[in-house]
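Notes follow the structure.
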């Protein structure tokens, strides 16, 4: 199963972006969004190193809240 992870664009350099989420930094390829390139401060969904879509800050926060709940539930079952 693949999951797209919401990340904040910190820097754009051509068709790549430096993105962060929860203290993790990744370089993402922006080729799939070349007609609507994200700007610094916007949120994108990252899947397998590619930005596959933009999303609002509110949607990104809601996604991370769900991820945190899933992780917490998994830790409770140990």
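The values are calculated or read from the model by the stated rules, or taken from the named source; none is laboratory data. What you are looking at is a predicted structure, and each value in this text was computed from that prediction instead of being measured. No Cβ is skipped: glycine too gets one built from the backbone with ideal geometry, and neighbour counts run over all protein chains shown.
Data for the structure
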item	result
Output for the range 39-58, where each listed residue is in a helix (DSSP H, G or I) and under 11 Å from the mean Cα position of the chain (by Cα)	57
Lone qualifier among 78, 68, 59 - being modelled with pLDDT under 95 and surrounded by 11 or more Cβ atoms within 10 Å (Cβ to Cβ)	68
Flag for residue 8 being in a strand (DSSP E or B) and in contact with a helix residue (DSSP H, G or I) (Cβ under 8 Å, 6 or more places away or on another chain)	yes
Selection count, the range 39-55, where residues are exposed (fewer than 13 other Cβ atoms within 10 Å of the Cβ) and over 12 Å from residue 8 (Cβ atoms)	2
Within the range 26-38, considering residues that are outside any helix (DSSP H, G or I) and without any contact (Cβ under 8 Å) to a residue 24 or more places away in the chain, the one farthest from residue 10 (Cα to Cα)	35
Filter result for residue 17 (outside any strand (DSSP E or B) and either crowded, with 17+ Cβ neighbours inside 10 Å or on the phi > 0 side of the Ramachandran plot (or both))	no
